[in-house]
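Here is the structure we will look at, set down as structure tokens.
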Amino acid sequence: MAAHTERERLERLLLGQENVVAEVYLLLADEQKQDDLLRAMVLSSMEERPARVRAVDPERVFHRDTIKDMCIRYRLRFLPGGLFKGSLPNQAIHALRILERKADAPITSFMVMAPSSRFKLCDSEVDPLLFVPLGNDRYYLLHKWGNDLSPLRAVLNWPLRNAATLAVLVLVLAWFLALLVPTSLITSEPGVGYWGAHRILMMFWSTMVCASFTVFGWFAFFGQFSAEAWNSRYFN
């Protein structure tokens, strides 16, 4: 009789544990479904609508001019989340859940800062940054993932910021090449020194050649300066 009673008590405990496990699985399924809905919301956002959020961290709020400057410096785009073709990490969704607790209404508008290769541009792996517009040209940095946004990228893309930076690069490169050319290849006159009118003419000639190739290549490949492309939805 005692053994029968203990068996019934053990069965009740096991059945109770199974119910707990089943409830946990249901809870996890609901959480995953909510995460999927948030991902779909971010990746379908096409219009910029300010979100009303209370007590946001001021260290994560940036003005549009600051974002534009960073896009130009690192040659990035700042476009709606609906154009982003990458995947959102779980950390970004977790950060969005936390921010929604402080919002007066569901957040439905998102902006992404990333290279043009990470967007579904109209005629067409570096760090994306997910923003939420707050109004008055202010944006809240929700999450950043990846580790390729380095000072080297800013240096390599410095010539593409605008026409002036590209012109400076062409001049420096042309003069450097002109200084490397031996005097014997510039003039056949004997006894001519390194510096002189011949070297200045060589600098002028190399500048014209480099500038011509640069202009041809720029228009042939539909080049676009970062100052113009930072918020463009078009490939070129």
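The values are calculated or read from the model by the stated rules, or taken from the named source; none is laboratory data. The shown structure was predicted, so the numbers you read here are calculated from the model rather than taken from an experiment. Please note: Cβ atoms are built from the backbone with ideal geometry, for glycine as well, and neighbour counts cover all protein chains shown.
Yes or no: S116 assigned by TED's automatic domain parsing to the domain that holds Q34, among the polar types (S, T, N, Q) and at pLDDT below 85?
The answer is yes for S116.
From (1) at pLDDT 85 or above; (2) more than 30 Å from A154 (Cα to Cα); (3) in a loop (DSSP other than H, G, I, E, B), pick out the condition that doesn't hold for M41.
Here M41 clears every test but (3).
In this structure, does R73 turn out to be closer than 30 Å to T214 by Cβ, at pLDDT 85 or above and not in a strand (DSSP E or B)?
yes
It is to be established whether one or more residues within segment 59-68 are at pLDDT 85 or above and surrounded by fewer than 11 Cβ atoms within 10 Å (Cβ to Cβ).
Kept after step one, since they are at pLDDT 85 or above, are these residues of segment 59-68: 59-68.
After this cut, where a residue has to be surrounded by fewer than 11 Cβ atoms within 10 Å (Cβ to Cβ) as well, the list is 59, 65.
Within segment 59-68, one or more residues are at pLDDT 85 or above and surrounded by fewer than 11 Cβ atoms within 10 Å (Cβ to Cβ).
State all residues of segment 150-204 that are in a loop (DSSP other than H, G, I, E, B) and buried (at least 16 other Cβ atoms within 10 Å of the Cβ); if no residue qualifies, say none. Before you say what the answer is, go through the steps one by one.
Within segment 150-204, the subset in a loop (DSSP other than H, G, I, E, B) is 150, 157, 161-162, 181-182, 187-196.
Once the filter is applied, which keeps residues that are in a loop (DSSP other than H, G, I, E, B) and buried (at least 16 other Cβ atoms within 10 Å of the Cβ), segment 150-204 yields N157, R161.
Among the residues of segment 61-94, which ones are under 22 Å from D137 (Cβ atoms) and aliphatic (A, V, I, L, M)? Don't jump to the end; show me each part of the working.
The first filter runs over segment 61-94 and keeps only residues under 22 Å from D137 (Cβ atoms), leaving 61-84.
Selection gives V61, I67, M70, I72, L76, L79, L83.
Hey, among V209, V181, V155, V192, which residue is modelled with pLDDT of 85 or more and more than 30 Å from E48 (Cα to Cα)?
V209
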